[in-house]
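Below is one structure, written out as structure tokens; the observations come after it.
Bear in mind these aren't lab numbers, they're just calculated from the coordinates by the rules spelled out. Computed from a predicted structure; not experimentally measured.
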Amino acid sequence: MQPDFIETSALPLPMLRLDAGGSILTANIEAQSCIGLSERRLAGCHLSKLFAPEGEIERMLEQAGQSSGKTSSHGLSQRASGAPCSLHIGVCEDGYVLLMVPEATRSAVEQQAKRQEMAEAVARIALEMAHEVKNPLAALRGAAQWLSEKKEDAENREATEMILAEVDRIRERIDAFLQLGPRAAVEMGAVNIHNLIDEVCRPVEGVVLRRVFDPSLPSIQAHAGRLRQAIENLWVNALEAGASNIEWQTRIAPTVQLPGHKGAVIEARITNDGAAISDEIKSRLFEPYVTGKQRGSGLGLALVQRVMVEHEGRVKLETDPYRSSFILHFPVKGGA
């Protein structure tokens with residue numbers, strides 16, 4: 001009998017069920033796709049014929065069969081492709097249950113965790129900046145404004161006007177940075193993401209805009225203003241990359257799992273054929289002041305990251321030599 005916490009068809013990771021000798025009984029869709037063989041061809045195949053090294057596989061099966069009932073091993077690889085992976089084995093009544101975590105999946109999870117830590121650190125810095133910089137800056141502007149209104153010669157007036165202009169420029173930069181800071185608790189409401197995308201992404205001359213929407217998607221629980229900012233930043237980012245083709249897609253992502261959320265996940269993807277993102281900045285693209293453009297603050301994508309953290313979702317980047325895709329994942333919550 002299979003343990004009640006395992007749902008083979010719904011599990012978003014490759015899963016195999018093994019008999020007591022370590023041969024495959026069943027495989028879910030993710031396992032078949034990852035290994036590259038159908039369930040019919042996998043049935044009866046011993047685990048050691050699929051993964052290496054053989055000695056480590058035998059050790060895992062032996063250890064799982066002992067009193068501990070479960071074991072894991074990293075640094076393994078698939079024999080057919082050589083792709084690195086981790087295996088996690090647990091005992092069930094008629095054999096074993098095995099979860100396979102491809103190394104790329106684990107790396108993506110670790111990278112997402114690091115980016116979220118970065119977003120929280122930036123939020124704390126922004127909050128401190130609000131107290132430490134904005135108040136003195138307001139006093140400085142008030143003094144400069146007072147001087148500019150007094151009768152004085154043209155040279156002094158020009159100097160105070162320059163001070164006012166520079167103070168306002170600094171304040172604009174601080175306000176932009178503060179968008180990355182922690183937000184006061186706001187009322188989340190049902191938001192139709194298709195309507196929001198349509199409102200933000202207006203036709204632009206020379207740009208072909210396509211919308212591939214799943215009309216059956218439910219609303220998401222979101223703060224409409226903040227989510228609009230994120231969508232605007234992704235839209236502007238695509239335009240500034242010189243894209244001639246931009247496409248929005250929405251769908252339910254059945255194999256995506258968000259931390260702390262067990263329900264369905266909505267995916268919104270914006271793809272453009274603009275200038276490629278350099279390898280040097282891909283891993284740091286969502287950090288503040290990181291940009292591949294000559295002009296721009298480098299805060300747009302950092303804000304997208306912050307907004308997705310606020311909505312308990314995530315954003316990630318996928319690229320190839322011809323296009324770039326920014327992918328937003330939102331949890332579907334009750335009452336959405």
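Note: relative contact order over segment 15-105, using C-alpha pairs below 8 Å and six or more positions apart, is 28 percent.
Close amide H pairs (under 5 Å, H built 1.01 Å from N) link residue 245 with 208, 273, residues at least 5 positions away or on another chain.
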